[in-house]
Amino acid sequence: MRSMYFIIALILFQTHLPDGFSQANDSLLIRRIYTEALSKPVAYHNLDYLCNKIGGRLCGSSQAEKAVQWTQKVLNGMGLDTVYLQPVMVGHWERGEKETGRVVSVKAGNHNLNICAIGGSVPTPAQGLSAGIVEVKNFEDLKILGREKIEGNVVFFNREADPTPIYTFNSYGGSVDQRARGAMHAARYGAVAVIVRSATPAHDNYPHTGNQHYADSVKAIPAFCVSTNDADSLSEWLKSDPKLNVFLQASCILYPDTISYNVIGEIRGSVHPEEIIAVGGHLDSWDIGQGAHDDGAGVVQTIEVLRLFKALNFRPKHTIRVVAFMDEEYGQRGAKVYADESKRLAETGKQKHIAAIEADRGGSSPQGFSIDASDEEMKIVSSWKELFKPYEIWFFEKGGSGVDIRELKSQGALLIALVTDSQRYFDYHHSANDTFDKVNVRELELGAAAMAGLVSLIDRTW
Ligand SMILES: [Zn+2]
């Protein structure tokens, strides 16, 4: 009986914790999270496996399938309450043989180009294609040149990514339209193919691929990206010989859609099991690198959030769920299936997301969080700044979250993106340079710890 009084007293005490008391507890828990993450870098070892043993994993590929099985195995080994696969139909495109791009000119010389097909591109004719080149900076230029100057030629989109924004995602965002819709626009004027300057402020020899969209109403033409260094050279060669020819060859194949999966694991909530705090990254990547920063890092970091809680015996009130999303790069169908299913469960009152955190901005040093929330919610989250100061987490700003979780907004979920140092991200992004050795063990683990700390605070407060 006495122990019963003690438990009641404890419950009363805990529900009326003075602010100072809970803050001290919070800071202690966060310290323990960081200590565990930095002393046992499990996320880093997982990333090593994902990158070096499985490698690039474009949706629909056998590597993506391997990555699904491996992630499920890792989650199964963590003593979680639930681990399951959520089926997703995905596109299946393969680039085929390594692409060829060659400048042929008596005046400017013959030069090989560092190119690769843009995701989803149709192939060139089997024997390749040869044509002249028309250089443009934007879609407006196409209009000015018109069909007369463009028809039968390759359009070369060569607008540089602006190097001046401090946050490099803004630089990327300002240039990526050429890659995403260049082929579609150029085809309207009779272009036979496009070559697009890689969407990165970096000056390097890597072509940086990505996705693109054709329009049903226009002919699909082959689309290539070229390294930024070769884009600069090509522009120079064109000045010395505007009539130079380019030879392009690609053997891409589009297969029928195939089945794949989002991989999900949970620690069930002790008080509100039906209320979900989700953390996630995307398991698929482009095929030409290892998908280390994009987004193996986010996957292993968000798995690490759950591992940290298990290791510290942290019993959350709400269900903490990790989602390794499939198909973020190609068609974002994993996000769609996840959002549709969770919307259905929310409408029947079975389940509700109270928060979701996406890690898809690379595995470099974490700086804070971009938060899609109401002013009221922002006030609460911002009040946690002090707790994160010792860990060099300082960025708490209103902003976008990420493509894999944004649809959860309709459930009133607090949406958050882990913000990391972006300076080198586009050196790697969507290129053969996105490999495991570019990720730093401490930076990666710090990102996982920052998210785990944030999740613990949301769990206590919401
Ligand atoms: Zn990504």
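A compact table of results
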read-out: Residue 307 vs. criteria in a helix (DSSP H, G or I) and either more than 16 Å from the ligand (Cβ to nearest atom) or within 17 Å of residue 66 (Cα to Cα) (or both); value: yes
read-out: Within the range 326-445, helices (runs of 4 or more DSSP H) holding 1 or more residues that are more than 16 Å from the ligand (Cβ to nearest atom); value: 333-347, 375-382, 385-388
read-out: Set 209, 228: member being under 30 Å from residue 415 (Cβ atoms), at pLDDT 95 or above and within 29 Å of the chain's Cα centre (by Cα); value: 209
read-out: Subset of the range 289-316 (residues that are of a type in the set (Gly, Ala, Ser) and more than 14 Å from residue 364 (Cβ to Cβ)); value: 289, 291, 311
read-out: Test: residue 296 is on the phi > 0 side of the Ramachandran plot, modelled with pLDDT of 95 or more and either within 16 Å of the ligand (Cβ to nearest atom) or under 18 Å from the mean Cα position of the chain (by Cα) (or both); value: no
read-out: Single residue of 152, 96, 109 found to be within 27 Å of the chain's Cα centre (by Cα) and on the phi > 0 side of the Ramachandran plot; value: 96
read-out: Test: residue in the range 371-391 that is surrounded by fewer than 20 Cβ atoms within 10 Å (Cβ to Cβ), among the small types (Gly, Ala, Ser), over 28 Å from residue 22 (Cβ atoms) and in contact with a strand residue (DSSP E or B) (Cβ under 7 Å, 6 or more places away or on another chain); value: no
read-out: Where residue 217 falls short, out of the listed (1) among the small types (Gly, Ala, Ser); (2) without any contact (Cβ under 8 Å) to a residue 40 or more places away in the chain; (3) under 24 Å from residue 408 (Cβ atoms); value: (3)
read-out: Pairs with Cβ under 8 Å, 6+ apart, first in the range 358-383 and over 17 Å from residue 423 (Cα atoms), second within 16 Å of the ligand (Cβ to nearest atom) and of a type in the set (D, E, K, R); value: 358/404; 372/406
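The values are calculated or read from the model by the stated rules, or taken from the named source; none is laboratory data. The structure presented is a predicted model; accordingly, all values stated were derived computationally and were not measured. Backbone-built Cβ (ideal geometry, glycine too); neighbour counts: all protein chains shown.
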